[in-house]
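Working notes for the structure below.
The values are calculated or read from the model by the stated rules, or taken from the named source; none is laboratory data. As the structure is a prediction and not an experimental result, all values here were calculated from the model. So basically every Cβ, Gly included, is an ideal-geometry build from the backbone, and we count neighbours across all protein chains shown. Remember, those area values only see protein heavy atoms, side chains included, never the ligands or the DNA or RNA. Shrake-Rupley method; radii C 1.70, N 1.55, O 1.52, S 1.80 Å.
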Amino acid sequence: QEERRRFEKYGQYLIDKQNYIEECYQANSRALCEKYISAEMIAEYDIGNEKLWSRNFNHSDVLTYRLGLGDVPSPMNIEVQKERFTMLDDSLAEKPGMIKKRFSIMQNVPVCVNFREKSLVGVIGSNNSWIQIIRSVITQIAGNNSYTDVKIALAYDANKIPNARTWEFVKWLPHVWSEDKKIRYYAASKNEAGEVFYSLGQTMRTRTEDARSLRPHYILIVLNKELLEGELITKYINDSSSDIGL
């Protein structure tokens, strides 16, 4: 009778805990999906949308962008007691571990990259899937961040990449203009890339000497890595030890 009573009480306790954890799991999933929406939805923002440029450097995720949907570790810390030796077969002993395993991974939620934590990121993919990823990130930057907070610099060789016209939309974003409006950080050839890299290099050199102002943040996207050969900007790209807003 005592064992049956324990079984009923502990069984109900586990059910209650599972229901609570599942509620938290669903709430976290909804929050992620609402916070990091798709690039397609962001592309529909108009000038009156309150979400346009709503993310700034007061937010810890100011430079966090969605790559797609997938599985990520749950933010919930589910603790269970270690199984102890017993002379009795306890059918409930394994239940807590099963609950923890079931809810330890969040499925089909936004998978993101934080450019404040990752200063150098490579994008690879077959069948030109990398194009979709980079276009998606650019769209999110343009929609989430004001051009006064984040600048986009894009460099590629139009003769060496497929569907070069795919990238021409970037030219018209306000985020590609330098702060003095004298240069547009958009290059479709090696010569143009050299000018963009030189201008960025000058800005980064100034920041290494006086780091009081690290705004705006620059996100440099290079589609043909050979464009960087012999360029001074590589010194700052490869230096992950100091934060200069690049």
Review point. Any idea which of (1) open to solvent by 60 Å² or more (accessible area, probe 1.4 Å); (2) touching a strand residue (DSSP E or B) at 6+ places or on another chain (Cβ under 6 Å); (3) among the basic types (Lys, Arg) is the one LYS151 doesn't satisfy?
Key: (1)
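Name every residue in region 4-28 that is among the polar types (S, T, N, Q) and more than 32 Å from the chain's Cα centre (by Cα), in order of residue number.
To start, the set of residues in region 4-28 that are among the polar types (S, T, N, Q) comprises 12, 18-19, 26, 28.
Selection gives GLN12 alone.
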Point to revise | Cross-chain or 6+ apart pairs with Cβ under 8 Å, region 112-123 first and open to solvent by 100 Å² or more (accessible area, probe 1.4 Å), then assigned to a strand (DSSP E or B) | key: ARG116/THR64
Study note, to complete from the structure: In region 180-203, anything in a loop (DSSP other than H, G, I, E, B), surrounded by 17 or more Cβ atoms within 10 Å (Cβ to Cβ) and either hydroxyl-bearing (Ser, Thr, Tyr) or at positive phi (or both) is listed as TYR185
Revision key, fill the gap. ALA93 fails exactly one of (1) surrounded by 13 or more Cβ atoms within 10 Å (Cβ to Cβ); (2) more than 30 Å from ARG215 (Cα to Cα); (3) touching a residue at least 40 places away in the same chain (Cβ under 8 Å), namely (3)
Check your understanding: How many residues are open to solvent by less than 40 Å² (accessible area, probe 1.4 Å) and not small (Gly, Ala, Ser) when one looks only at region 124-143?
Key -> 7
**Study point:** Tabulated pairs, region 1-30, first open to solvent by 80 Å² or more (accessible area, probe 1.4 Å), second modelled with pLDDT under 85 and of a type in the set (D, E, K, R), C-beta under 9 angstrom, 6+ apart or interchain
**Key:** PHE7/ASP90
Practice item. Count, please, the residues in region 204-218 that happen to be under 26 Å from ASP61 (Cβ atoms) and either in contact with a strand residue (DSSP E or B) (Cβ under 9 Å, 6 or more places away or on another chain) or open to solvent by 40 Å² or more (accessible area, probe 1.4 Å) (or both). Key: 8
Exercise for review: Could you check how many residues of region 162-179 are part of a loop (DSSP other than H, G, I, E, B), over 18 Å from LEU246 (Cβ atoms) and open to solvent by 70 Å² or more (accessible area, probe 1.4 Å)?
Suggested key: 1
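If I filter region 38-58 for residues that are at positive phi and surrounded by 12 or more Cβ atoms within 10 Å (Cβ to Cβ), do I get at least one hit? Lay out the reasoning, then the answer.
From region 38-58, those at positive phi are 53; that's our starting set.
If we keep only those that are surrounded by 12 or more Cβ atoms within 10 Å (Cβ to Cβ) as well, we get 53.
Yes, region 38-58 contains at least one residue that is at positive phi and surrounded by 12 or more Cβ atoms within 10 Å (Cβ to Cβ).
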Exercise for review: Inspect region 66-84 for any residue being part of a strand (DSSP E or B), open to solvent by less than 80 Å² (accessible area, probe 1.4 Å) and within 13 Å of GLN140 (Cα to Cα) and give the result as yes or no.
Suggested key: yes
Practice item. With respect to ILE124, determine if the residue is more than 30 Å from VAL80 (Cα to Cα) and under 15 Å from the mean Cα position of the chain (by Cα). Key: no
Review point. In this structure, does ASN159 turn out to be closer than 26 Å to GLY230 by Cβ and open to solvent by 20 Å² or more (accessible area, probe 1.4 Å)?
Key: yes
Point to revise | Qualifying residue in region 225-233 (condition: in a helix (DSSP H, G or I) and open to solvent by 40 Å² or more (accessible area, probe 1.4 Å)) | key: yes
